[in-house]
Amino acid sequence: MKLSRLFTALVSTALILFMHTACNTGSGSDNTELIKALIKQEETKHLYSYAGDQNYISDHNADISDAVNQSTGLENDWWKRTSFYHIWMKNFYDSDGDECGDFNGVKAKLDYIQNEIGCDGIWLSPIFECSYKGKGEYVNMHGYDTVDYYAVNNYFGTEEDLIDLINECHARGMKIIFDYVPNHTSSNSGWFKDSASGTAKTNWYLWNSTQLNWDNGMSEGNWHYNNDKSAYYYGAFGSGMPDLNFRNYEVREEMKNVARYWLNKGFDGIRVDAVRYLIETSSSRCDTSESHEWFKELRAELDKYPSPKYMMAEAWIQGDRSTFEKYLGNEDEFHALLDFDQGIQCTESVKNQTNKITASLYPNKSSNTGFATFITNHDNYNDRLGTIFTGDEKLMKLATSLSLLRPTIPVIYYGTEIGMKQLNVSGDARLRGKFDWDLASTEAATANSLLKCNKAINTLRKNHSEVFANGKVTNLTTSNSKILAYTISTGSEKLLCIFNLGRSSVASVTIGGCSSFSSITPLIGDTEAPVPVYEGSGTSIKNIAPCAFRVYSLDGTTESSYFDDETYITDSTYTQQNNGSVIYKVYNAMYIRGTFNNWGANQMTKNGDWFEINLTFSTSQTIEFKFCSSATDWSENWGNEEGKNIILTVSAGTYTIRFSPSLARWESTKL
């Protein structure tokens, strides 16, 4: 008898004896509950057991010695001195007119990325063959539902096109990383189909005979029924994306191999998706020590490459810095973490004219670990910059300066550099619209535009790479609450950064905490303003315009100004400009889905900007529902303000339910 079977038999015998004793002693409900817990533990112990062949070799086995198209001459911390441009592949640039962005489109726009924005690294959103596919701006083909990790999405082009893009990046001295999604595959993946049918890979996923309730902190469901296997599987991100079982040695090796396979083809690193949810335990569904151990194993693979590779994590944690920073390990896990604490504070500080930066400005952690910072991204994290500030360039430039002028790794999400506005659809899809190349051309031809502001700060960062890679931040006191100031310094260099969050000019402000200096050079901001003067107890700054920002070099070499769009007028005030609204899509059809129609699709009647439908209920009840733009596709749907289901209590009778997609507002009236 195998040890596992022997253990099961022993546990079963023990349970029978325990139940017999409990019944004879009349120990009551406490023993009953304990028995249930023991039975449940026995039924689910396979979910926490290691399995698979420890000597497994992938059919696509990739050996590091076979690597080609590699960058040369990179420093170990090249990533700390790189400005990354985050590209949503599908809607960036369509080179062949098929309504879908592609690899050749990115290659055609490298000059724009490098010379107009000043970025020397690009991060591609998921590029591999996925399940949900579609063309056109409003089809939300996100790519995180991987079908085949060893094949590129053919909507984006061929593998040869991708290799050409990689080589062109390297020829320009640029770096390129890809989105790596290890936590889950698509339910249409061949791996999952094999696992469900029992023909192979039987425990590559997490299966159980009963439906469990694993609280993973997300609104998505978790355990889902599969007809082929007549069992339930775990999918932290929904039924369409089942979680891989990383307690299977074959899965662990296969997913390391996926990373090697594409790094071997020339990629300079990976952005790892959803790292919090990789391996679950009986007590926790996220941030487990087992997850950290596997990521350390993956990092060890990257460290074997002669050309230094970069490993960045999406650990979406806000506020809990200790849990968040554990993903840096002991400098043996991730090189950098996407920092969700820092971005929104930039836009909020500008909107509310209040300093929210001081408490949320975290410089790179050490010489070999850091934080990647951004204002917005592809997820439902923050609105697009152009929407937040209604296209007002002055306010967008101020928010941009707060984001880029810090000693972290900048990530600029495509379109942020030109103030693109978001689509008028719900959820993540609103942030993934088609890049506005006409706007980019206008920005490139306009003096002191937002685009040129991005380029200037990226150039400043490049010319002062040491202070932005390894600088320490000292927050300074100011005599005006609307003025924010701090220094970034290394042993040999110090930059003074000043921001006027207010809408009024400031004739004079005193900054405390900035030590004396023998020379001061304006790098960004009003070159005609009086030079700041150290007066023993503080530094006096004069004539700051509304919403202005400045950078000074203290005791540094003299150099020319990078950017100056500041004009000071005594007692001037600034009123936010409205340069247009969000981009509206016209909908000709709308459907309602809910508990009353088993989440089917009842078409609503169009009435001007509104859609409406009459629903009749025979009894009082609570219903849940959403509005959807398609009868067959869930990619555009509207719920409540958090994107969840709308909940409405109705009594017997007929109700008219109305919805306006342009206003994202619904109404119900009982007839």
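The values are calculated or read from the model by the stated rules, or taken from the named source; none is laboratory data. Owing to the predicted nature of the structure, the values given are computational and were not obtained by experimental measurement. In this analysis, Cβ positions are derived from the backbone assuming ideal geometry, glycine residues included, and neighbour counts consider all displayed protein chains. With ligands, DNA and RNA removed, areas are computed over all heavy atoms of the protein, side chains included. Shrake-Rupley method; radii C 1.70, N 1.55, O 1.52, S 1.80 Å.
Only helical runs count toward this figure. For the chain, summing -39,500 (n - 2.57) over DSSP H runs of n ≥ 4 and dividing by all residues gives -7000 deg cm²/dmol at 222 nm.
Centroid-to-centroid, using Cα positions, the stretch 258-289 and the stretch 110-142 are 21 Å apart. Descending by average beta-carbon neighbour count within 10 Å, the peptides 249-261, 333-345 line up as 333-345, 249-261, the highest first. Is the shape of the stretch 181-253 best called rounded, prolate or oblate, per the rule: a/c under 1.5 gives rounded, else a/b larger than b/c gives prolate, else oblate, with a ≥ b ≥ c the square roots of the Cα gyration tensor eigenvalues? Oblate is the answer for the stretch 181-253, as a/c is 1.5 or above yet b/c matches or exceeds a/b. The spacing between the stretch 518-587 and the stretch 407-468, judged by their C-alpha centroids, is 19 Å.
With r as the distance between the Cβ atoms of Ser479 and Asp111 and R0 = 41 Å, compute the FRET efficiency 1/(1 + (r/R0)^6) and round to 0.05. Efficiency at R0 = 41 Å is approximately 0.35. To put it simply, the accessible area of the chain at a 1.4 Å probe is 46 percent carbon and sulfur. For the peptides 482-494, 510-522, residues were scored by their other Cβ atoms within 10 Å and the scores averaged per peptide; the highest-first order is 482-494, 510-522.
Can you bin the stretch 513-576 into rounded, prolate or oblate? Criterion: square roots of the alpha carbon gyration tensor eigenvalues sorted a ≥ b ≥ c, rounded for a/c under 1.5, prolate for a/b above b/c, oblate for the rest. Judged from the Cα gyration tensor, the stretch 513-576 comes out oblate (a/c at least 1.5, b/c at or above a/b).
Phi angles across the stretch 114-130 convert, under the Karplus curve 6.51 cos²θ - 1.76 cosθ + 1.60 with θ = phi - 60°, into 3J(HN,Hα) values of 7, 9, 8, 9, x, 8, 10, x, 10, 10, 8, 4, x, 10, 8, 4, 10 Hz, Gly and Pro given as x. Which angle between 0 and 90 degrees, to the nearest 10, do you get for helix 29-44 versus the longest principal axis of the chain when only C-alpha atoms count? With rounding to tens, the tilt is 80 degrees. Counting 0.36 nm for each residue step from Tyr48 to Ser239 and taking away their Cα separation leaves a gain of 66.7 nm.
Structural descriptor for the stretch 124-240: relative contact order 20 percent, calculated from alpha carbon pairs under 8 angstrom and at least 6 residues apart. Between Thr575 and Lys542, what is the FRET efficiency for a Förster distance of 35 Å, r being their Cβ-Cβ separation, to the nearest 0.05? Step by step, r from the Cβ atoms, then E = 0.90.
Overall, the anisotropy analysis places the chain in the prolate class: the square-rooted eigenvalues a ≥ b ≥ c of its C-alpha gyration tensor yield a/c not less than 1.5, with a/b exceeding b/c. Which residues does a label at Asp98 reach in the stretch 118-150, if reach means a backbone N under 18 Å from a point 7 Å past the Cα toward the Cβ? Within reach of a label on Asp98: 126-143, 147-148. Model label points for Val531 and Thr72, set 7 angstrom from Cα along the Cα-to-Cβ axis, are 4.6 nm apart. Sorted on the mean count of surrounding Cβ atoms within 10 Å across their residues, most packed first, peptides 226-234, 238-246 read 238-246, 226-234.
Label-to-label distance, Ser620 versus Ser289, with points set 7 angstrom from Cα along the beta-carbon direction: 5.3 nm. Label point 7 Å out from His60 along Cα-to-Cβ: which residues of the stretch 155-172 have amide N under 16 Å? Residues passing the 16 Å test: 155-163. Label-to-label distance for Thr669 and Gln318 is 3.7 nm, based on points extended 7 Å past Cα in the beta-carbon direction.
Relative contact order of the chain: 10 percent, from C-alpha pairs under 8 Å at least 6 residues apart in sequence.
The stretch between Ala652 and Lys351, if pulled fully straight at 0.36 nm per residue, gains 103.7 nm over its current Cα-Cα span.
For the stretch 404-452, the relative contact order comes to 31 percent (Cα pairs under 8 Å, sequence separation of at least 6).
Maximal additional length on extending the Thr595-Lys304 stretch stands at 99.4 nm, based on 0.36 nm per residue less the C-alpha distance. Per-residue 3J(HN,Hα) values for the stretch 224-241, derived from phi via the Karplus relation 6.51 cos²θ - 1.76 cosθ + 1.60 with θ = phi - 60°, read 10, 7, 10, 5, 4, 9, 6, 8, 9, 10, 8, x, 4, 10, x, 5, x, 9 Hz in sequence order (x marks Gly and Pro). Put the Cα centre of the stretch 45-81 next to the Cα centre of the stretch 143-215 and the gap is 15 Å.
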